[in-house]
Amino acid sequence: MIELAIALPFMLLMFAGTAEIGRLYYQYTSLAKATRIGARYLSTSNDVSITEAKNLMVCGSLNACGGATIVSGFGTGNIAVTPPATGMVPVKYVTVTVTGFNYQPLVFDLAAMTGNSGFSNISLSPSTRMRYMP
């Protein structure tokens with residue numbers, strides 16, 4: 001019983017930390033996949049809309065979604081699109097980047113535990129660059 005009382009808090013911290021890191025990884029990979037989907041959509045044709053690509057990245061539909069996003073707190077305002085260069089450039093690229101998205105921890109919210117807001121600023125910003133081939 002004494003050994004359990006000593007070991008249980010550390011085991012709970014390790015479990016909670018593992019769950020939080022897994023959640024962080026899941027959100028990052030979801031955002032990275034969204035950038036790939038948006039870049040692929042924008043690199044395929046001349047007549048695609050950047051707004052439609054952003055909607056596709058946020059909710060999986062070309063039309064505006066009604067609140068169901070792939071990651072909570074992720075919106076079209078978090079997406080930066082660099083369209084391909086115009087003119088006689090031999091190779092054109094489109095770049096899609098997630099900007100201004102901060103990860104919000106659930107279990108290990110060190111900012112709330114310590115009162116220091118510097119602990120809660122984990123910025124996720126995946127980016128994808130694809131060749132433009134209309």
> Between a first residue in the range 62-86 that is under 17 Å from K33 (Cβ atoms) and hydroxyl-bearing (S, T, Y) and a second residue that is outside any loop (DSSP other than H, G, I, E, B) and at pLDDT 85 or above, which pairs have beta carbons less than 9 Å apart while being 6 or more apart in sequence or on different chains?
Replying inline: T69/V58; T69/C59; S72/Q27; T76/T51; T76/K54; T76/N55; T76/M57; T76/V58
> Any residue at all in the range 81-96 that is under 30 Å from L13 (Cα atoms) and surrounded by 16 or more Cβ atoms within 10 Å (Cβ to Cβ)?
Replying inline: no
> Do we have L8 as touching a strand residue (DSSP E or B) at 6+ places or on another chain (Cβ under 6 Å) and aliphatic (A, V, I, L, M) here?
Replying inline: no
> Which one is modelled with the highest pLDDT among residues in the range 90-100 that are in a loop (DSSP other than H, G, I, E, B) and under 17 Å from the mean Cα position of the chain (by Cα)?
Replying inline: T99
> Applying the selection to the range 20-43, what residues are in contact (Cβ under 8 Å) with a residue 60 or more places away in the chain, among the small types (G, A, S) and in a helix (DSSP H, G or I)?
Replying inline: A32, A34, G38, A39
>> Go through the range 44-89 and report how many residues are more than 29 Å from I122 (Cβ to Cβ) and either modelled with pLDDT of 90 or more or assigned to a helix (DSSP H, G or I) (or both).
In response: 1
> Of all residues in the range 116-134, which are at pLDDT 70 or above, exposed (fewer than 12 other Cβ atoms within 10 Å of the Cβ) and either in a loop (DSSP other than H, G, I, E, B) or among the small types (G, A, S) (or both)?
Replying inline: N121, S123, M133, P134
> What residue, of G67, G17, G75, is at positive phi and not hydroxyl-bearing (S, T, Y)?
Replying inline: G67
>> Considering only the range 65-77, I want to know if a residue exists there that is within 24 Å of Y103 (Cβ to Cβ), among the aliphatic types (A, V, I, L, M) and surrounded by 15 or more Cβ atoms within 10 Å (Cβ to Cβ).
In response: yes
> Residue check: is V107 at pLDDT below 80 and either part of a helix (DSSP H, G or I) or over 11 Å from A34 (Cα atoms) (or both)?
Replying inline: yes
>> I need the full set of residues from the range 25-60 which are over 22 Å from P84 (Cβ atoms), surrounded by fewer than 16 Cβ atoms within 10 Å (Cβ to Cβ) and not polar (S, T, N, Q), in order please.
In response: Y25, Y26, G60
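The values are calculated or read from the model by the stated rules, or taken from the named source; none is laboratory data. Remember, it's a predicted structure, so these values are computed and weren't measured experimentally. Methodologically, a virtual Cβ is constructed for each residue, glycine included, from the backbone with ideal geometry; neighbour enumeration extends over all protein chains shown.
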